[in-house]
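Participant: Have a look at the structure that comes next, please.
Derivation of every value follows stated rules applied to the coordinates shown; laboratory data play no part. What you see is a predicted model, and the numbers here were worked out from it, not measured in a lab. We place every Cβ from the backbone using ideal geometry, glycine too, and count neighbours over all the protein chains shown.
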Amino acid sequence: MRVIIKDNPIEISHEAADIIVKQINNYHGSVLGFATGASPVETYKRIIERYEKGEVSLKYITTFNLDEYVGLSRENVNSYFYFMKDNLFGKTDVDFNRVNFLSGEATDLEAECKRYYDRIRECGGIDIQLLGIGTNGHIGFNEPGDKFADGPFAVKLTQSTIDSNKKYFEAVGDTMPEYALTMGIGDIMRARKIILIATGESKAKAVKELVEGQVSPSCPATILQMHADVTIFLDKAAASLLGEKK
Ligand code: GLP
């Protein structure tokens, strides 16, 4: 696990975007796993800037996103599909035929999860998976629990996750869904390279556990210690508890 501490989120975004752009320019048909939330937004901006300068084309990449809320359509402003369209896909030449998402509107959630699992395999697996981390140590929507999930599954969100994310729904007069579909830990761990971005003091405890804690499903992100190619980008606030005794 490589831990890289930067002064601020902008510096992180340049480095993270650089890794992704290099991957795409090495192989235009790369398979990229994307994340939502505030953490990757600056990185997406850097990728867009580089696309606008003609330094990279996203036309032939295939994408998989980590998760989606159950019950939300792609047109809902709080769906993760909408987020990706707004923050990256719609501002580049991404081919929407190659964009893969768990469908929040699926009637048979189990079948939808199986479809996604199979689709990742059919596409040859994920070259780079980008991640954020929840304040409780979740990745994707793999909430703390007593086992690591392998493939995609439907999850009941914890109160901590609802408390962190409900502001986006309240802003438009909606209530946050209690359920989501997410890639499993197995899907994330099978990615050939993983980049995790965490910034701000609110992430410091989860980051300490991720880097220094015992591998345990009670903090799902700790599993990343077992992956051969993980880069963790932190700002100083997120890294502030590293090295301190508990
Ligand atoms: C959500 C998403 C995660 C994300 C996490 C952190 O729960 N499902 O994929 O990493 O929140 O979000 P943020 O980056 O906004 O702090």
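Participant: Run the numbers on the chain and let me know its relative contact order in percent, using alpha-carbon pairs under 8 Å that are six or more apart.
Facilitator: Computed over the chain, the figure is 25 percent.
Participant: Could you pull the Cα extents of the stretch 104-145 along its three principal axes, largest to smallest, in whole Å?
Facilitator: Taking the Cα atoms of the stretch 104-145, the three principal extents are 31, 28, 18 Å.
Participant: Still on this structure, I have one more. Relative to 2.2 N^0.38 Å, what does the C-alpha radius of gyration of the stretch 82-170 come to as a ratio? Two decimals please.
Facilitator: Normalised by 2.2 N^0.38 Å, the Cα Rg of the stretch 82-170 equals 1.22.
Participant: Enter the Cα centre distance for the pair the stretch 11-83 and the stretch 109-157, rounded to the nearest angstrom.
Facilitator: About 17 Å separates the Cα centre of the stretch 11-83 from the one of the stretch 109-157.
Participant: If you don't mind, there's one more thing I want to ask. Mind checking which aspartates and glutamates have their Cα closer than 16 Å to the Cα of K208? Skip sequence neighbours fewer than 8 apart in that chain.
Facilitator: D235, E244
Participant: For Y51, Y116, what's the fewest-to-most ordering of other Cβ within 10 Å of each Cβ?
Facilitator: Y51, Y116
Participant: With θ set to phi - 60° and the Karplus curve 6.51 cos²θ - 1.76 cosθ + 1.60, what are the ³J(HN,Hα) couplings of the stretch 149-162 in order, to the nearest whole Hz, using x for Gly and Pro?
Facilitator: Rounded to whole hertz, the list is 7, 8, x, x, 7, 8, 10, 8, 6, 7, 4, 4, 5, 5.
Participant: Oh, and also: How far apart, in nm, are two points set 7 Å out from the Cα along the Cα-to-Cβ line at T135 and at E110?
Facilitator: So the two model labels end up 3.5 nm from each other.
Participant: Over all distinct alpha-carbon pairs, what is the Kirkwood Rh of the stretch 40-138 in angstrom?
Facilitator: On the way: mean 1/r = 0.0679 Å⁻¹.
Kirkwood hydrodynamic radius for the stretch 40-138: 14.7 Å.
Participant: Mean shadow of the stretch 134-246, computed from the convex hull of its alpha carbons, in nm²?
Facilitator: 7.4 nm²
Participant: Using the basic label-point model (7 angstrom from Cα toward the beta carbon), what is the H227 to K147 distance in nanometres?
Facilitator: 2.2 nm
Participant: Let me ask something additional. Counting only residues 5 or more places away or on other chains, whose amide H sits under 5 Å from the amide H of L130 once H atoms are built in the peptide plane?
Facilitator: G33, F34, A35, I195
Participant: OK, next. Check cross-link reach from K91 to the lysines: straight Cα distance under 18 Å, and skip same-chain residues fewer than eight apart.
Facilitator: K91 reaches K45, K53, K59.
Participant: What list of ³J(HN,Hα) values in whole Hz, one per residue of the stretch 55-64 in order, does the Karplus curve 6.51 cos²θ - 1.76 cosθ + 1.60 (θ = phi - 60°) give from phi, with Gly and Pro shown as x?
Facilitator: Values, residue by residue: 8, 7, 10, 9, 4, 9, 6, 10, 10, 10 Hz.
Participant: Using a Gaussian network model of the chain whose springs link C-alpha atoms within less than 10 Å, name the residue from Q23, Q159, Q129 with the highest mean-square fluctuation.
Facilitator: In this elastic network of the chain, the residue with the biggest mean-square fluctuation among Q23, Q159, Q129 is Q159.
Participant: I've got another one for you. Need the list of aspartates and glutamates near K147 for cross-linking: C-alpha distance under 15 angstrom, and skip anything on the same chain fewer than eight residues off.
Facilitator: Leaving aside aspartates and glutamates fewer than 8 places away in the same chain, those within reach of K147 are D187.
Participant: Taking each pair of different alpha-carbon atoms in the stretch 19-82 once, compute 1/r for the pair, average those values, and report the inverse of that mean as the Kirkwood hydrodynamic radius in Å to one decimal.
Facilitator: On the way: mean 1/r = 0.0769 Å⁻¹.
The answer is 13.0 Å.
Participant: For A237, enumerate residues with amide H under 5 Å from its amide H, sequence gap 5+ or separate chain, H modeled in the peptide plane.
Facilitator: Those qualifying (amide H under 5 Å, at least 5 residues apart or on another chain) are G200.
Participant: Counting DSSP beta bridges with both partners in the stretch 2-232, what percentage is antiparallel, nearest 5?
Facilitator: Just about 35 percent of them are antiparallel.
Participant: If you look at just the Cα atoms of the chain, how large are its Rg and its Dmax in Å?
Facilitator: 16.9, 49
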